[in-house]
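A.B. asks: Have a look at this one.
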Amino acid sequence: MTSAKFIVFEGLDGSGKGTQIALLQRALTEKGYPVCLTAEPTQHATGGLIRDALGGITKRTPHELAALFLADRIAHCENPADGIRAMLEKGTTVICDRYYFSSLAYQGMDIGLDWLLPAHVGCPAIIKPDLCIFLDVPTDECDRRISAGRSSREIYETRESIERVRRSYSEVFERLSPTHNIKIINAARSPEDVSWDVISAVGEVLGI
Ligand code: TYD
């Protein structure tokens, strides 16, 4: 048994996950907690196939894309060198930028949850997170942040997609809240105010 926890960040594109993850990492490191940061899609081979599809370089059907994310996630959990399970077993708390809630929200809005949900929650290789933090930002604000930060947009970054994904996340959280620890945090505030809530949610899980 170890006290290490598995914490997942979710949010729309432009919701500020990167900033909040960095602030959380700093806070936990200062308190002496070993922490590792990771993200999906991963930097491994399947992650590369996914990035090509997201960038519009390769065309994939929604089912194909969902299966690629699933395979990438299984490898992410199980990789013996630096996988999520290996890190947790070493006593390192894992903070992951996106996880299966993203597949359920993004791919689920196109293909439904009929096979996608059991494929994730029923797969013994896929680790259930101790906490999922959703950084909640209104569609218009995400749209504005994406415009300010980039010259091009990925397939899910059009304003219409952002709105659909937002609705899809709500449905997923409604469905999973009885079995998962999900904290929805209003992230349309200053990074410091948001971080305060993030650190307190994580503190509850870590018992600090
Ligand atoms: P990326 O630019 O890597 O990161 P982010 O937007 O989180 O900073 O984009 C990842 C994209 O992949 C994002 O649009 C959400 C999407 N995605 C899915 O559609 N399904 C998934 O399972 C995951 C993990 C991500």
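A.B. asks: What number do you get for the stretch 1-123 when its Cα radius of gyration is normalised by 2.2 N^0.38 Å, N = residues?
C.D. replies: 1.10
A.B. asks: Percent relative contact order of the stretch 114-208, based on C-alpha pairs within less than 8 angstrom and at least six residues apart?
C.D. replies: Across the stretch 114-208, relative contact order equals 40 percent.
A.B. asks: Each residue of the stretch 37-44 in order: what ³J(HN,Hα) in whole Hz does its phi give by Karplus 6.51 cos²θ - 1.76 cosθ + 1.60, θ = phi - 60°, with x for Gly and Pro?
C.D. replies: With coefficients 6.51, -1.76 and 1.60, one gets 9, 8, 8, 10, x, 7, 8, 7 Hz.
A.B. asks: At q = 0.24 Å⁻¹, work out log10 I(q)/I(0) for the stretch 111-187 with the Debye formula, treating every Cα as an identical point scatterer and leaving solvent out; two decimals please.
C.D. replies: The Cα Debye sum returns log10 ratios of -1.18.
A.B. asks: I need the phi-derived Karplus couplings for the stretch 93-103: 6.51 cos²θ - 1.76 cosθ + 1.60, θ = phi - 60°, integer Hz, Gly and Pro marked x.
C.D. replies: Rounded to whole hertz, the list is 6, 9, 10, 10, 7, 6, 7, 5, 4, 5, 4.
A.B. asks: Something else: Could you derive backbone 3J(HN,Hα) for the stretch 144-161 from the dihedral phi with the Karplus parameters 6.51, -1.76 and 1.60 (θ = phi - 60°), listing whole Hz in sequence and x where the residue is Gly or Pro?
C.D. replies: After applying 6.51 cos²θ - 1.76 cosθ + 1.60, I find 5, 5, 5, 4, 5, x, 9, 9, 10, 10, 7, 4, 9, 9, 6, 4, 5, 5 Hz.
A.B. asks: Once amide H atoms are built 1.01 Å from N in the peptide plane, which residues 5 or more positions from residue 183, or in another chain, come under 5 Å H to H?
C.D. replies: 132, 133, 134
A.B. asks: With the crude spin-label approximation of a point 7 Å out along Cα→Cβ, what separation in nm comes out for residue 3 versus residue 90?
C.D. replies: It is 2.0 nm.
A.B. asks: Still on this structure: Expressed as a rounded percentage, what relative contact order does the chain have, with Cα pairs under 8 Å and six or more residues apart?
C.D. replies: Numbers: 303 pairs, mean separation 67.7, N = 208.
Value for the chain: 33 percent.
A.B. asks: What relative contact order, as a whole-number percentage, does the stretch 75-149 give when Cα pairs under 8 Å and 6 or more residues apart are counted? Don't jump to the answer; show the numbers that get you there.
C.D. replies: On the way: 28 pairs, mean separation 15.1, N = 75.
Answer for the stretch 75-149 is 20 percent.
A.B. asks: Further question on the same structure: For the chain, take N as its residue count and report Rg(C-alpha) divided by 2.2 N^0.38 Å.
C.D. replies: Expressed relative to 2.2 N^0.38 Å, the Cα Rg reads 0.98.
A.B. asks: Turning to a different aspect of this structure: How much length would be gained if the chain were fully extended between residue 163 and residue 186, taking 0.36 nm per residue of separation minus their Cα-Cα distance, in nm to one decimal?
C.D. replies: Details: separation 23, 0.36 × 23 = 8.28 nm, distance 1.65 nm.
Going from the current span to full extension adds 6.6 nm.
Laboratory data are not the source of any read-out in this text; all were calculated from the coordinates shown. For clarity, every value in this text was computed on a predicted model and none was experimentally measured. For neighbour counting, all protein chains shown are included, and Cβ atoms are generated from backbone atoms with ideal geometry for every residue, glycine included.
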